1. When the Karplus curve 6.51 cos²θ - 1.76 cosθ + 1.60 is applied with θ = phi - 60°, which whole-Hz ³J(HN,Hα) does each residue of region 3-9 get, with x for Gly and Pro?
2. Highest first, please rank the peptides 290-296, 302-308, 312-318 by the mean number of other Cβ atoms sitting within 10 Å of their residues.
3. Let me know the volume per residue of the alpha-carbon convex hull for region 258-321, in Å³.
4. Which of Ile349, Ile255, Ile357 ends up with the largest GNM mean-square fluctuation for the chain, with Cα atoms connected below 10 Å?
5. Let me check against my output: what whole-number percent is the relative contact order of region 20-94, with C-alpha pairs under 8 Å and at least 6 apart?
6. Taking square-rooted eigenvalues a ≥ b ≥ c of the alpha carbon gyration tensor, is region 218-391 rounded, prolate or oblate, where a/c under 1.5 means rounded and, failing that, a/b exceeding b/c means prolate?
7. Throw me the Rg/Rh for the chain, computed over C-alpha atoms with Kirkwood Rh, two decimals.
8. Would you tally the net charge around Pro141, using a Cβ to Cβ cut-off of less than 14 Å, leaving Pro141 out, and scoring K and R as +1, D and E as -1?
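Since every read-out is calculated from the coordinates, none of them should be taken as a lab result. Only a predicted model underlies this, so the values are computations on that prediction, with no experimental measurement involved. So basically every Cβ, Gly included, is an ideal-geometry build from the backbone, and we count neighbours across all protein chains shown.
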Amino acid sequence: MIFHVIGIGNKTASLSHEKQELVCKNRYFSGGKRHYNLVKHLLPENNVFIIINSPLEDVYQHYEEVGQEIVVFASGDPLFYGYSNTLRNRYPNAEIYTYPYFSSIQLLASKAGLNSNQLRTVSVHGRSWQALDSAIIRQEPLIGVLTDQEKSPAAIAEYLLQFGYSNYSAWLGEDLEGEFEKVDHFSLAELCKKEAYSLNCLILKKEKHRQVPFGLPDTDFMGLTGRPNMITKMPVRLCSLHFLNLQDKKVFWDIGFCTGSLSIEAKIHFPDLQVYAFEKREECGEIIQKNQKTFGAPGINVILGDVCELDFSIYPIPQAVFIGGHGGRLSEILKKLDAYLDRNACIVINAVQESSIEEFISTSAILGWQQDGTMQIKIDQHNEITILKAVK
């Protein structure tokens, strides 16, 4: 299959001589309804135009029935969260030639007079918050955001404020190069009230740096009512993160998260990490959410329920697991984990009781895991904590 993907702007298109020749010698074309309206005056009389809409399987079926070269019109740069990438995923062996135009984020940066050297762009268009979470935790200087109807500019502003990132302002571009083009600068509080034109994009600009300590203060965490010491203390958290070695991991599970302190610390230090936090106590769900907002740590997946009863297969396989609480069922949890973990996954626990230490070592040996480190820590008048690590 052969595709020529031509990027166009948001106004009636005029093509270069090279692109016009490409159009003249072909019969089959494709693009969205908006693209068709912008280019229909350029197409040959006998053209067949395949509209791109959902479901895409129907569009692909049309392509496959054509069996000839197809010229596709797409928005902006088709290799920038665009249709050339979609085609490549569907047809990895196809010949795909791309002719880019300016992306909407490029246009907005230019019209706002922003330094694109510092720009990182993410998309929440039909996607999760994950890429934006990573960018704001890193506090990138400029973050371009491709939006959609659900994750609108107002919703994005509310999301950042929810997690304390009021240190950003926003440039909003609406209907760029179109009849209703507008480019405005807003505070996030102002943007929350803005109903934007349907075609829009954002650039978030960091106005000042939000200070985040390397070790998060224990006293700033909301804890269990009446149990202020039920938290993995800051020095223990940092040492546990050292044992977990998360910098090269993609997925991390925190079992028995309680206040969520270790999950939050992990997410802040490793923003691209997928964190799954498990806890049996229902009240801890509200606690971790409040602590996430306090420390600016969005993007933690919270699962409430008894881990011994959960179906682990529905979650991404972790390369690292931390067990902060086990309710006297440590051996059962370790054996259940063994069935799901890949080779070379690491498991780290914090243990107070000697029986837990012995059970971890003996069960690890039965499962064929290798012991890979131990450390004892005593903080003030609290009980001594033993950190143990095993590798599957």
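1. With coefficients 6.51, -1.76 and 1.60, one gets 10, 10, 9, 9, x, 10, x Hz.
2. 290-296, 302-308, 312-318
3. 82
4. Residue with maximal mean-square fluctuation among Ile349, Ile255, Ile357: Ile357.
5. 34
6. rounded
7. The Rg/Rh ratio comes out at 1.08.
8. Its environment carries a net charge of +4.
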